[in-house]
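K.L.:
What follows is a single structure, and I will ask about it in a moment.
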Amino acid sequence: MNENYTRSVFYNCPFDDAYQSTFEAVLFTIYRCGFVLRCAKEFDDSGKIRIENIVKLIAVSKYGIHDLCRVELDSNLKLPRFNMPLELGIFIGAIKFGDTVMHGQKEYLILDNEDFRFKAYISDISGQDIKSYHSTVTIIKRIRDWLSNKTAATLPSAKFIHADYNRFLRDLPKLCKANKWIKEELTYKELTSLAMNWISVNE
Amino acid sequence: MSVTKESNLLGSKGSSQVYNPLTDNYILRDGISGKYTKISHGKPFKGIRKELTIIQGVGFPIPRRTALKAEKAVIALRNGEL
């Protein structure tokens, strides 16, 4: 297994405006823990079929973190979003039916923002590693604590990662201004570049 | 003080360097001022301690121009120039 594979974390989450601040905290945490974030945002400009891109990301990632927080019904259509459970299913399928040496060793963490809610809508995943979170601090802690068991590196506690993340957020307007970027309009690649560079010189 | 690129001059005693996998740059941190003063592309500064970094790189292509702009801004911020 190459190092890129064992460092890659597929992140399965909603990509709506309401989730953006949580996503930014997760991005920061994964890089701060020495792992590489892989998510569908990489393919924003691609014309490929989305599911093919998802499968490609899962194939190159040993780890998966699946946030199933967005299960409520859409206010207009009265339907839930099924993308996150679908992608979790593909990930579990890769473990069960993929190459046993490589994909059989994949590991995943399931997150939700309500305790035990999954039992009502996806009870088949009972007995898995499912953690709830209720704030940015707790999602950082859930991810940091889980990843700390996957690395030989000594990681700072979630409290310190959260403090670093808040410093990064305070610095972000200045970093954007220097490049004539607007924080709210940063592309995924711009945000990733800023976060990685910031972490490199502020560890 | 702005960052000098590809300089042969080494830093003062206690200087260190950080590797940025996004840009393949080595960034020299001056031992006295603590500021980032020089950049070497692709080659580490000889005789200068390398700081361990947790950052492992990125799994998808980021345009070099974007990565360099982010690096320049972060260094300027750390150097108190923003």
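The values are calculated or read from the model by the stated rules, or taken from the named source; none is laboratory data. Everything quoted here is computed from the prediction, not taken from an experiment. Every residue, glycine as well, gets a Cβ built from its backbone with ideal geometry; the counts of neighbours run over all protein chains shown.
Residue by residue, here is whether (1) more than 10 Å from chain B (Cβ to nearest Cβ); (2) surrounded by 13 or more Cβ atoms within 10 Å (Cβ to Cβ) holds:
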site	(1), (2)
A:LEU147	yes, yes
A:THR151	no, yes
A:LEU155	no, yes
A:ALA158	yes, yes
A:LEU169	yes, yes
A:CYS176	no, yes
A:ASN179	no, yes
A:GLU184	yes, no
A:LYS189	no, yes
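K.L.:
What are the residue pairs meeting all of these: first residue in region B:67-82, first residue at the interface with another protein chain (Cβ under 7 Å from one of its Cβ atoms) and closer than 9 Å to A:SER193 by Cβ, second residue at pLDDT 95 or above and part of a loop (DSSP other than H, G, I, E, B), Cβ atoms under 8 Å, and 6 or more apart or on different chains?
P.N.:
Pairs found: B:LYS69/A:ASN179; B:ALA70/A:ASN179.
K.L.:
While we're looking at this one, here's another question. Residue check: is A:ASP115 loosely packed, with under 14 Cβ neighbours inside 10 Å and in contact with a Ser or Thr (Cβ under 9 Å, 6 or more places away or on another chain)?
P.N.:
Answer is yes for this residue.
K.L.:
Right, another one. Please enumerate the residues belonging to region A:74-103 that are among the aromatic types (Phe, Trp, Tyr), surrounded by 15 or more Cβ atoms within 10 Å (Cβ to Cβ) and without any contact (Cβ under 8 Å) to a residue 40 or more places away in the chain.
P.N.:
Scanning region A:74-103 gives no hits.
K.L.:
Still on this structure, please answer the following. If the requirement is being more than 22 Å from A:LEU88 (Cα to Cα) and at pLDDT 95 or above, which of these qualifies: A:LYS174, A:LYS150?
P.N.:
A:LYS174
K.L.:
Turning to a different aspect of this structure: Tell me whether region A:112-123 contains one or more residues that are small (Gly, Ala, Ser), farther than 24 Å from A:GLU24 by Cα and touching a helix residue (DSSP H, G or I) at 6+ places or on another chain (Cβ under 9 Å).
P.N.:
Keep residues of region A:112-123 that are small (Gly, Ala, Ser), which gives A:120, A:123.
Next, from what is left, pick out any that are farther than 24 Å from A:GLU24 by Cα: A:120, A:123.
Those still in the list that are touching a helix residue (DSSP H, G or I) at 6+ places or on another chain (Cβ under 9 Å) too: none.
No, the conditions are met nowhere in region A:112-123.
K.L.:
Can you pull out the residues in region B:41-55 that are in contact (Cβ under 8 Å) with a residue 24 or more places away in the chain and surrounded by fewer than 20 Cβ atoms within 10 Å (Cβ to Cβ)?
P.N.:
From region B:41-55, those in contact (Cβ under 8 Å) with a residue 24 or more places away in the chain are B:41, B:44-51, B:53, B:55; that's our starting set.
Within region B:41-55, B:HIS41, B:PRO44, B:LYS46, B:GLY47, B:ILE48, B:ARG49, B:LYS50, B:GLU51, B:THR53 qualify.
K.L.:
While we're looking at this one, here's another question. Go through region A:1-67 and tell me which helices (runs of 4 or more DSSP H), entirely inside it, have 2 or more residues that are away from chain B (no Cβ under 11 Å) and surrounded by 23 or more Cβ atoms within 10 Å (Cβ to Cβ).
P.N.:
A:20-32
K.L.:
Could you name every one of the helices (runs of 4 or more DSSP H) located completely within region A:104-199 that has at least 1 residues being under 20 Å from the mean Cα position of the chain (by Cα), more than 19 Å from B:ILE55 (Cβ to Cβ) and in contact (Cβ under 8 Å) with a residue 40 or more places away in the chain?
P.N.:
A:118-121, A:136-148
K.L.:
Criterion first (surrounded by fewer than 16 Cβ atoms within 10 Å (Cβ to Cβ) and polar (S, T, N, Q)) does A:SER200 satisfy it? It would help to see each step written out before you state the result.
P.N.:
Working: surrounded by fewer than 16 Cβ atoms within 10 Å (Cβ to Cβ): no; polar (S, T, N, Q): yes.
Against the criterion (surrounded by fewer than 16 Cβ atoms within 10 Å (Cβ to Cβ) and polar (S, T, N, Q)), A:SER200 does not qualify.
K.L.:
In region B:15-29, what residues are surrounded by fewer than 19 Cβ atoms within 10 Å (Cβ to Cβ) and more than 18 Å from B:ALA67 (Cβ to Cβ)?
P.N.:
B:SER16 - this is the single residue of region B:15-29 that is surrounded by fewer than 19 Cβ atoms within 10 Å (Cβ to Cβ) and more than 18 Å from B:ALA67 (Cβ to Cβ).
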